[in-house]
Amino acid sequence: MDEMRVARSVVTYNTLMNVYGLAGLKGQAVHLFRLIQLQNDLEPNIITYNTMIAIYGQAFEFEAAAKLIVKMQEKGIEPNAITYSTLLTTYGKAGKFEKAVVLFQNLRSSGFKMDEILYQTMIIIYELSGLVGHAQRLLEELKQSQFVSRSAAVNVLAKAGKVEEASRLFNKAFKDGEALDISVFKSMIEVYFSNQRAKHAVEVYERMRGKGYMPDSETCVVLLSAYGQLRLPQEAENFYRD
């Protein structure tokens, strides 16, 4: 980096590590990770560790990934939801479903702040391992909003294709005046449309606009298709012009 006159920083090292990971060059990424640790003026941060854990995960090296979490904690860096979600995914890819279950249960019992990413990851792992009943029970927990916000629960249910459950929770949260972010509206529009409920998708869009949110390009495509299914060409044109 010095020869190329690129400023050495944790950000540049993290970025290069990620590039190596995306290219499947684990050896170079590991070398760079070790190099960062040898620098007196640089300290690996949570992004450094999360990136390296993901790279080990791509190589199905779940033990190396798990050891990194211990190491980062020893350095005083607390793992976040992304860290644990990445490790869960690594266990799932390696077929170590029992380890994934133990980790997930330990996180819940330890009081760790669970989020939708962790739930989505664990639901997928249950389904991959054939434990559909466990996946269903996890979805039931989400509907009770015991561990995550209703916004997060709606997102998980919608992305899992549970249109009725997501719809009930979404409508209740909206009626109660809960602050719903744009991702929730987007998820509901997509799940309604994919389940042949174009009218409901458009209704969610109208609620979304009422909250001051604007759809992104992907959601716009879905909504234009919804207007098409409803045979509302004028509304589609007005939407396009807006």
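What are the residues in segment 43-67 that are in contact with a Phe, Trp or Tyr (Cβ under 7 Å, 6 or more places away or on another chain) and surrounded by fewer than 22 Cβ atoms within 10 Å (Cβ to Cβ), if any?
Of everything in segment 43-67, just one residue is in contact with a Phe, Trp or Tyr (Cβ under 7 Å, 6 or more places away or on another chain) and surrounded by fewer than 22 Cβ atoms within 10 Å (Cβ to Cβ), namely Ala64.
Just one of the numbered conditions (1) closer than 16 Å to Tyr49 by Cβ; (2) of a type in the set (S, T, N, Q); (3) more than 21 Å from the chain's Cα centre (by Cα) is not true of Ser109; which one?
(1)
I need a count of the residues in segment 201-213 that are surrounded by fewer than 19 Cβ atoms within 10 Å (Cβ to Cβ) and either in a loop (DSSP other than H, G, I, E, B) or in contact (Cβ under 8 Å) with a residue 12 or more places away in the chain (or both).
Selection size over segment 201-213: 4.
Checking the condition of a type in the set (Lys, Arg), out of contact with any Phe, Trp or Tyr (no Cβ under 6 Å at 6 or more places or on another chain) and in a loop (DSSP other than H, G, I, E, B), which residue from Arg8, Arg34 passes?
Only one candidate qualifies: Arg8.
With the condition kept exactly as written, say whether any residue in segment 178-192 is more than 27 Å from Ser225 (Cβ to Cβ), assigned to a helix (DSSP H, G or I), among the charged types (D, E, K, R) and at pLDDT 80 or above.
no
Does any residue in segment 214-242 that is in a helix (DSSP H, G or I) come within less than 6 Å, Cβ to Cβ, of a residue that is hydroxyl-bearing (Ser, Thr, Tyr) six or more places away or on a different chain, and which pairs are these?
As it stands, the answer is Leu223/Tyr205; Glu235/Tyr227; Ala236/Tyr227, since those pairs meet every condition given.
Collect the residues in segment 39-85 that are under 17 Å from Ala29 (Cα atoms) and of a type in the set (Ser, Thr, Tyr), keeping them in residue-number order.
Passing the criteria: Thr48, Tyr49, Thr51, Tyr56.
Are there any helices (runs of 4 or more DSSP H) wholly within segment 51-129 with 2 or more residues that are among the polar types (S, T, N, Q) and at negative phi, and if so which?
Once the helices (runs of 4 or more DSSP H) in segment 51-129 are filtered for at least 2 residues that are among the polar types (S, T, N, Q) and at negative phi, what remains is 81-93, 97-109, 116-128.
Test of understanding: among Glu127, Glu98, which residue is within 16 Å of Phe60 (Cα to Cα) and acidic (Asp, Glu)?
Result of the check over Glu127, Glu98: Glu98.
Can you pull out every residue in segment 37-50 that is at pLDDT below 90 and part of a helix (DSSP H, G or I)?
Gln37, Leu38
Tell me, which residue of segment 99-146 that is at pLDDT 80 or above and basic (Lys, Arg) is nearest to Thr83 (Cα to Cα)?
Top of the filtered list is Lys113.
Does any residue in segment 1-24 that is at positive phi come within less than 9 Å, Cβ to Cβ, of a residue that is small (Gly, Ala, Ser) and at pLDDT 85 or above six or more places away or on a different chain, and which pairs are these?
Gly24/Ala59
Whether any residue in segment 134-150 is hydroxyl-bearing (Ser, Thr, Tyr), assigned to a helix (DSSP H, G or I) and free of Cβ contacts under 8 Å to residues at least 40 places away in the same chain is what I want to check.
no
The values are calculated or read from the model by the stated rules, or taken from the named source; none is laboratory data. A quick note: this is a predicted structure, and the numbers were derived from the prediction, not measured. Reconstructed Cβ throughout: ideal geometry from the backbone, glycine too, with neighbour counts over all protein chains shown.
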